[in-house]
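Only one structure is covered here, and it is reproduced in the block below.
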Amino acid sequence: MTFTSTAATTLAGVATALTDGGKTSSGEAALFWVLAPLMVLAALGLVFARKAVYAAMSVVFVMISIAFLYIAQDAPFLGVVQVVVYTGAIMMLFLFVLMLVGVDSSDSLAETLKGQRWIGIIFGLGLAGLLVTVVVSSTFPVAVGLDEANGDSNPVGVARLIFGDYIFAFEVVGVLLVTAALGALVLTHRQRLTRHIGQKERSDARLASGHTLTPLPAPGVFSRSNAMDVPALDPTGAPLEDSVSRVLRIRGQEREFGVVAAEIEAPTRTASDPEVQR
Amino acid sequence: MIAAMVSSAVPGVVSASVAGAANPGVTADFSQDNGWVWLIKAVVILVFLLLTVLMAIWFERKVVARMQMRPGPNVHGPFGLLQSLADAMKLLLKEDITVKAADKFLYMLAPMISVFCALLTFAVIPFGPSVSIFGIVTPLQLTDVPVAVLYILATASVGVYGIVLGGWSSGSTYPLLGAVRSTAQVISYELAMGLSLVSVFILAGSMSTSQIVATQQQLWWFLPLFPAFIIYVISMIGETNRLPFDLPEAEGELVSGFMTEYSSMKFAWFFLAEYINMVNVSAVVTTLFFGGWRAPWPISAINDGMFNTGWWPVLWFLAKMWLFLFLFVWVRGTLLRLRYDQFMSFGWKVLIPASLGWVVCVAVVQGVRQFTEVDLRTVLIALAVAVLVVVGISFLVPERKPEPGAAGKKAIPPGEFDPFAGGYPVPPMPGQQLPPSPRRARVAAAAPAGAARQVTDSQTEVERG
């Protein structure tokens, strides 16, 4: 009983604190009512989109719309950084991973870890409870208004808060991120099993092996036949076996130069000619 | 006058003195602007960008041609000037093909994102100081915000979605490869780019473009911040997908990368976006490092700075911008495309650490200047001594010799690899002798050329079954 009454009074206090210094211009209201429904649709798109890329694009849309709202509320630094960091870097990484794992692959819904769903629900509820408690029990300072908060320009105001009032939290988050990055490096590090062979060594080996260094000659001498299967001729008129694809040679579909020449020179085509058959 | 110049050259003083009336943190005064002034400016910027692109295409073809000892386009119009117009008309009139495998919506959206984001940057680029247009005194700039340069970075990073989505939605292999390369490229080169800009922010004390230009009254930032300038120039070429960093399109490897499946108008939009982006980054580097619209030194001293007022600065701005466009063409005509892995390791192992280290140096010097009584000359002399000492020590350190032998010293003494060591399946350790791979034997059997080929070929065929 007492809890609900305190919660009610705090919520009322929060509401007054939020509305005290705030005035919404008609332009801002119009922007909000245009963007908000679209953002809700996009957020639903994240959940219900069939293709992973569409889900990612929904998130991008929501992020950019939020940036617009931030800027409309005189927080240009937050709005622009939102786009640079979240849309430009983090969602780009998501897209990168989506493309690496295959854009058409769908999620497997089979549960691989036993009981993870229950543990997840318990932790989720715990987090929600913690957040609600913190938000409800916190007291907000009296709003001073945007003119004062942005007095020395918006970035300076944000910098004073981050590097002045909240420097400890900021440093802790920094340490956490560096630890996470190092952990990722350590976990994904793989030792080489065999020696690294560089470009120089490869080219040396290629030279030493005595094989042809240049691209192989293209097949075909007669434009009238399907000449993929006829070897090219060298300057002396001898056929170059290498010019015909290895696959055709293995299948035995390579044709002798003389056979093709005779076929083309013959006045009437025989029934064995592949083009007549077709 | 001189006192004013000196005081405005000191960053801290500037940010304090100009934190002005309407928009704190911005030097340019837009208080007299009204609706039609904005409209005129916006339309002029749009027309300017489109004309500049037409000019830039002609310029690039002409300059590259001269570098290759040939005349270049010279048939349509004087000096071939109308060639790019004719090309644009041809592109618009071509058949617009949507490939069957394409994801229709994103396929159409992608070029739009590219062009739209490319057009946004010039909103915050200052062409000049305040001038009078029909009796209204207004800066030659559409708008400015305290975070203008961050806004430029933001639009650039959203613009890349055009490339990535275009590559993905084409439903084809080469475009997808181009898109994947583009994401990786953007993530790695935008970091270096942003970090190189941070040192300008530190010295100028602001992220607003008009104020950064205002702080370069005495000294253009590319001189004291030369390493940052170099890093920015390198990463701006990477950012615009130009040679030698044009890996997302790489016509030798990926046909045209992300735009392979595009034709007609949609292709023209990608094309347009690429050239507008070139103009954008050239304008940004001019504004941030090359004094923006300020006249170069001997001219700026004439008649008490007459050439830094009125409409003259537009000329200097355009001249500097075209200087960087020429640099783009010059680099394209000179350098070869990097291999993809070299490109990535250059970005991550050279550019990002270098720009990080440089930001730390600039921050330390600026901190010493602001929070202690030590004057700048002492700080610079101390820095020079430190650099000399480090360079001197680096000469004393013996050069690392290439590792002798095949395996090197670090490797564990080779032993036979036991896949079931200790009764469990285990992965091999570095340096262990691996059993010969059966696949490699097949490949080796297929390789030898000459008379024995028929036999080995049929053998591999049999092995494959």
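The values are calculated or read from the model by the stated rules, or taken from the named source; none is laboratory data. Since the structure is predicted, the reported quantities are computational estimates derived from the model, not experimental observations. Cβ sites come from the backbone with ideal geometry, for glycine too, and all protein chains shown count toward neighbours.
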(message) I'd like to check something: does segment B:115-129 contain any residue that is farther than 30 Å from A:VAL60 by Cα and out of contact with any Ser or Thr (no Cβ under 7 Å at 6 or more places or on another chain)?
(response) yes
(request) Please find, within segment A:191-210, the residue that is modelled with the lowest pLDDT out of those that are within 12 Å of chain B (Cβ to nearest Cβ) and within 16 Å of B:ASP341 (Cβ to Cβ). (result) A:ARG192
(request) Identify the residue in segment B:16-54 that is at pLDDT below 50 and touching an Asp or Glu at 6+ places or on another chain (Cβ under 8 Å) and, among all such residues, is farthest from the other protein chains (Cβ to nearest Cβ). (result) B:ALA21
(message) I need the full set of residues from segment B:224-244 which are within 17 Å of B:PHE201 (Cβ to Cβ) and free of Cβ contacts under 8 Å to residues at least 24 places away in the same chain, in order please.
(response) B:PRO224, B:PHE226
(message) When you check B:ARG442 against the structure, is it surrounded by 13 or more Cβ atoms within 10 Å (Cβ to Cβ), closer than 30 Å to A:GLU254 by Cα and at pLDDT 75 or above, yes or no?
(response) yes
(request) Inspect segment A:195-214 for any residue being free of Cβ contacts under 8 Å to residues at least 60 places away in the same chain, among the charged types (D, E, K, R) and over 30 Å from B:GLN432 (Cβ atoms) and give the result as yes or no. (result) no
(request) Go through the residues of segment A:157-166 one by one and say whether even a single one is surrounded by 10 or more Cβ atoms within 10 Å (Cβ to Cβ), without any contact (Cβ under 8 Å) to a residue 12 or more places away in the chain and within 12 Å of chain B (Cβ to nearest Cβ). (result) yes
(request) Select from segment B:114-132 the residues that are within 25 Å of B:ASP29 (Cα to Cα) and crowded, with 22+ Cβ neighbours inside 10 Å and list them in ascending order. (result) B:THR121, B:PHE122, B:VAL124, B:ILE125, B:PRO126, B:PHE127, B:GLY128, B:PRO129
(message) Filter segment B:102-158 down to the residues that are under 30 Å from B:TYR174 (Cβ atoms), of a type in the set (A, V, I, L, M, F, W, C) and assigned to a loop (DSSP other than H, G, I, E, B) and list them by number.
(response) B:ALA102
(request) Filter segment A:240-254 for residues that are in contact with a Ser or Thr (Cβ under 8 Å, 6 or more places away or on another chain) and either in contact (Cβ under 8 Å) with a residue 12 or more places away in the chain or surrounded by fewer than 13 Cβ atoms within 10 Å (Cβ to Cβ) (or both) and give the result. (result) A:ASP242
(request) Residue by residue through segment B:197-214, note down the ones that are away from every other protein chain (no Cβ under 12 Å), crowded, with 24+ Cβ neighbours inside 10 Å and in contact with a Pro (Cβ under 8 Å, 6 or more places away or on another chain). (result) B:THR209, B:SER210, B:VAL213
(message) Looking only at segment A:177-190, how many residues end up being within 28 Å of B:GLN433 (Cα to Cα) and either within 14 Å of chain B (Cβ to nearest Cβ) or surrounded by 10 or more Cβ atoms within 10 Å (Cβ to Cβ) (or both)?
(response) 3
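Okay, residues lined up against (1) surrounded by 24 or more Cβ atoms within 10 Å (Cβ to Cβ); (2) within 12 Å of another protein chain (Cβ to nearest Cβ); (3) at pLDDT 90 or above:
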| residue | (1), (2), (3) |
| --- | --- |
| B:MET112 | no, no, yes |
| B:PHE134 | no, no, no |
| B:PRO139 | no, no, no |
| B:TRP168 | yes, yes, no |
(message) Which condition from (1) within 12 Å of another protein chain (Cβ to nearest Cβ); (2) at pLDDT 85 or above is the one that A:LEU69 breaks?
(response) (1)
(message) Which of the numbered conditions does B:GLY252 fail, given that it passes all the others? Conditions: (1) buried (at least 24 other Cβ atoms within 10 Å of the Cβ); (2) of a type outside the set (A, V, I, L, M, F, W, C); (3) within 14 Å of another protein chain (Cβ to nearest Cβ).
(response) (1)
(request) Could you tell me whether segment A:259-278 includes any residue that is surrounded by 10 or more Cβ atoms within 10 Å (Cβ to Cβ), at pLDDT 80 or above and in a loop (DSSP other than H, G, I, E, B)? (result) no
(message) So, in segment B:70-84, exactly how many residues are loosely packed, with under 15 Cβ neighbours inside 10 Å and under 16 Å from B:LEU51 (Cα atoms)?
(response) 1
(request) Check segment A:153-172 and report whether any residue there is over 28 Å from the mean Cα position of the chain (by Cα), modelled with pLDDT under 90 and either more than 29 Å from A:ALA75 (Cα to Cα) or basic (Lys, Arg) (or both). (result) yes
(request) Considering only segment B:245-313, give the helices (runs of 4 or more DSSP H) lying wholly within it that have at least 1 residues that are touching a residue at least 60 places away in the same chain (Cβ under 8 Å) and under 18 Å from the mean Cα position of the chain (by Cα). (result) B:264-289
(request) Could you please find all residues in segment B:297-326 being in contact with a strand residue (DSSP E or B) (Cβ under 8 Å, 6 or more places away or on another chain) and either exposed (fewer than 15 other Cβ atoms within 10 Å of the Cβ) or β-branched (Val, Ile, Thr) (or both)? (result) B:THR309, B:GLY310, B:TRP311, B:VAL314
